Each structure stands twice: as structure tokens, then as C-alpha cells.
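I have placed the structure first, in the form of C-alpha cells, so that the comments after it can refer back to it.
Throughout, read-outs are computed from the coordinates displayed, never taken from laboratory work. Because the structure is predicted, anything quoted here is derived from the model rather than measured. Neighbour counts are summed over all protein chains in view; Cβ atoms, including those assigned to glycine, are modelled from backbone coordinates with ideal geometry.
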């Protein structure tokens, strides 16, 4: 493929062009240390303050603090440390404090890992308790009502990174207000920025972390909102930057880039509207159903971000779907980026109670808020090409099993003496060695033909046919020692309508 259709934006996004330009300016013209008092430093300080003010407006932070971090994990760590240090102080004063650390069963792993870490380091010996979710993926509010009176800290998320399920934050807040006004509340807002309205000052959320690279800023920059009056303990002490909330020289490059993204978000025009994103999801859904009519979507669209589709295909592992889409240049993921390397079913889907096969074979397709109609149309066209390629592959598999008679056909043959002239006349032609890998490794220019060949063993031919049949056809010349396997390969392709396939006949005579 000449271009890649990137549909894994819940993992990360490309950098917004204006953000890239702002980062370059911060490395060039505005390179000062914001703590310096001379003109260069003051210029940098003014930029930092302007971005912070814009972030506060976008987040609806009101009088709350907004500090720059390296990303959501640091924000989560800082929030958990702050809440648990306050819990420790309250215990030391003999106050009644909840003994539970409650977190949503579908939270990003950064949350329970941070809870366990600081609970251990601070010696609090509190109990970690997963808050169950319903089949919809939303938190079980009845279970929360039972747990919250004993909770010191409650951690939920605004929207799930795997399924896109949007939490009922208003419902959670009502429960906490009613039965647990003493509990601190952390809300992971990473997937919410640019996709959901945010009015943090109008809520009782104590801490809300954000990550820039989920919305077209570079990696290594994030935000943490802290409600007025919420306890705070710095994770990083030192020179007193960020008004003593987070020491260390500010990441001017990341802050400048994030500021450009926030400006685009605040001014509008760069990002798709909610209604447009709903239309885009519908188009992608129709395209996927055309390829896999039996597809199952693992989250109700009514409760989910319009930018996220999590699905399973009966009878296919997630890796097979990822590979099939990847063959036509569409990049998606199996599960989340943080868990993709682990060969285990999705714990998010397991918590939702979906059947085991669905949790084990789930695929996530996610587009960004900058997607436009042309991009989605291109993605749908590529998905349709995937479907055509899969049909061709199925037909090829049948042809390989049953196949037409292997009668001699001179039109399919080249002899060694013709090979050089053939490649001169067809410069885009590909020599394909259908021998086994060990044979090819010992002789990558098979049988002395003087040209390096692409090795595709006959048993693996089916995996390449969808690619060949779905692309602009190039002449293919198949070779093996006996001629039997190369003859089968040529017959299969020609049987499927691929006319530009030849066999190098009498190759063992070279």
C-alpha cells in the first residue's frame, strides 16, 4: 500500500502539524528556562502560563489547579500519592477513614498498580477492591453504593480505552455525595479530551489526569487537574517549579505542542463534531459488516465514544483480523497497546462478562477527532478491499485443495534461456521460489537463475494470494526444482483470473 490507514488512535495519535510547529519554535526562538528572570526566561514563562490558562478553560477547571506532567501515568501516581498521604494523616489524627481503595474493574492497569504501590510504600494496609461493571461496561452503581461508605479513595474513568464505554459520572457522583462524602475521587480522563464535554469545576472530582499523545500532542506531556481543597503531595520535589506542585524544569517543547492542540480544540474547526464522528462510526460499522456479516460489537454504541469500535469475529482470532486488515494497509490493534504483547484475553471484556471467545479474539478500531470524511471513505474502501482479498484467499484455498487438472500449458511456461529477456521486458516482475525455507536459504538465487527470489513456500501461498489478487497485478514467475509445486502455483493463480503468472520450466536443467 502506498499509504497507511491508521485506526489505532486510542493507543496514540500523530502529532498535529501546528503542534509540531509550536514544538519547533519552543526549541528555537522560545528556548528559555521559565524560571529565569531575564527576557528569554520571561518569554518562556509567559508561554507556559498562557498554555496553562488555555488548559484550564478547555477542562472547565475553574479555581482548580492544572499542572503539567509527563503523561497520565505520572498524573495517576501523583493523585494516588496525594490521596493516600491524606488518608495516612487522617489515620494518625485518629479520624475515621475508609479501609477500601475502590477502582473500576475495567480501569487502565496504571490505576490498580499505582494503588497497590503506594499502599505498600506508605504502609497503609488498605484493601484494594475492584468495582464490578455491568454487561454494558458501565460501573455497577448498586455495588458502588455498598462499597463507597468504606472507601478512602474511589477511582473510575471517564471513558474506557479498549471499548470506548463512557462512564456514568453523574451517577457515580450522586452515589458518592449520598453515602461517601469523605472518599476522594480520581477520574482517569485520558480518553475524554476532545471527545466529551468537560466541566470539571462543576463536579466533585478531586483528581483528573490527561495525556497529550492521545490527542495529537507528542508523547511525554500531560495534565493533572486538582480540585480546590483536595489534598496534594508532590510526586517530584526539587526546585519548586509548577508552584511547588511538580518540580523539574518544565518540558517547554511538550507544553508548546500541547498548547497548540488545546488552541485548536478551543477555537474549533480542526476537529470533527460529535455528530460527524457518529456518522464516521456508522460508515466503518457498515464496512466491517460487509466483510464479516457475523461480526459482534462488544460494547453498546449508545454508551460508547463514537471514535471506538471493539469487535470480535466468530471463528477468527483477533490476530487474524488484525493481519487481514494490515495486509491492505489498515492498522488496528488486538486489545490495548499496553496489553497487546500479552497473549491473554482482554480483562476489560472479561469484567464485562462477555463470552470467553469474544474476550480472547477482540479487536479495537479507533479513529481520532481529526478524522474527516475523506479519511473515513478511504478507510472504508480499504476495508472493502480486505473483504475482496479474503474472498479471493478463500477461493484460492479451495483451488489449492481441489485445483484444476495439471495439464501442460505452453502459455504458462518460460524456459531458462528466456528468463533474462522476460525480466528485461517486465521490470516489475517478481521471481517467486515456492521451495521450503531451508532450501531457499541455501540457494536464495534458486537453481542458478542469477536472480534473488521471494520465498513463498507452496504451503504458505494462500497467505499471499489475497495481497497479489487485491493489488495491481505484477508478473509472477514461480520456480522450484521439480516443477510440480511451481506448476500448482501457476494453475491456482490462473484459475482465479490472475493471468500474469508463469512457471520456470526445466529449472533443474539450469
- Query: When the label point is put 7 Å from the Cα of residue 283 along its Cα-to-beta-carbon vector, which residues of the stretch 361-381 have a backbone N closer than 18 Å?
  - Reply: 365-381
- Message: Given points 7 Å out from each Cα along the Cα-Cβ axis, report the residue 120 to residue 85 separation in nanometres with one decimal.
- Response: 2.1 nm
- Task: Please give the FRET efficiency for residue 421 paired with residue 266, using the beta carbon to beta carbon distance and R0 = 51 Å, rounded to the nearest 0.05.
- Result: 0.20
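Using per-residue counts of other Cβ atoms within 10 Å, averaged over each peptide, order 214-223, 416-425, 9-18 from highest down.
On the way: 214-223: 24.6, 416-425: 13.8, 9-18: 19.3.
Those peptides, ordered most packed to least, come out 214-223, 9-18, 416-425.
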- Query: What nm value, rounded to one decimal, do you get for the distance between residue 95 and residue 464 when each label is placed 7 Å out toward the C-beta?
  - Reply: 6.9 nm
- Query: Measuring from label point to label point, each 7 Å out along Cα→Cβ, what is the residue 140 to residue 37 span in nm?
  - Reply: 6.0 nm
- So, in Å, what gap is there between the alpha-carbon centers of the stretch 202-265 and the stretch 89-111? 23 Å
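If you take every DSSP beta bridge whose two residues both sit in the chain, what share of them, in percent to the nearest 5, is antiparallel?
Working: 20 of 49 bridges.
Once the DSSP bridges in the chain are tallied, antiparallel ones form about 40 percent.
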- Dividing the mean separation of Cα pairs under 8 Å (6+ apart) by the residue count of the stretch 33-176 yields a relative contact order in percent of 20 percent
- Query: For helix 169-179, what angle does its Cα long axis make with the longest principal axis of the chain, in degrees from 0 to 90 and rounded to 10?
  - Reply: 40 degrees
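How large is the helix-only mean residue ellipticity at 222 nm for the chain, computed as the sum of -39500 (n - 2.57) over DSSP H runs with n ≥ 4, divided by its residue count, in deg cm²/dmol to the nearest 500? Don't skip to the end; give the middle numbers.
Details: 16 runs with 201 residues, N = 510.
My calculation for the chain gives -12500 deg cm²/dmol from helical runs alone.
Please compute the length gained on full extension between residue 50 and residue 290, using 0.36 nm multiplied by the number of residues separating them and subtracting their Cα-Cα distance. Don't skip to the answer; put the middle values down first.
Numbers: separation 240, 0.36 × 240 = 86.40 nm, distance 4.82 nm.
Taking residue 50 through residue 290 to full extension adds about 81.6 nm, to one decimal.
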- Relative to the longest principal axis of the chain, what angle (0 to 90°, nearest 10) does the C-alpha long axis of helix 39-59 take? 90 degrees
- Query: Could you give the length gained on full extension between residue 320 and residue 243, defined as 0.36 nm per residue of separation minus the Cα-Cα distance, in nm?
  - Reply: 22.7 nm
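Taking the radius of gyration and the Kirkwood hydrodynamic radius from Cα positions alone, what is the Rg/Rh ratio for the chain, to two decimal places?
Expressed as Rg/Rh, it is 1.10.
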- Message: For residue 373, project a label point 7 Å along Cα to C-beta. Then give me every residue of the stretch 241-277 with its amide nitrogen under 12 Å of that point.
- Response: 276
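How high is the relative contact order of the chain? Use alpha-carbon pairs under 8 Å, at least six apart in sequence, and give a whole percent.
Values: 960 pairs, mean separation 83.7, N = 510.
Here the relative contact order equals 16 percent.
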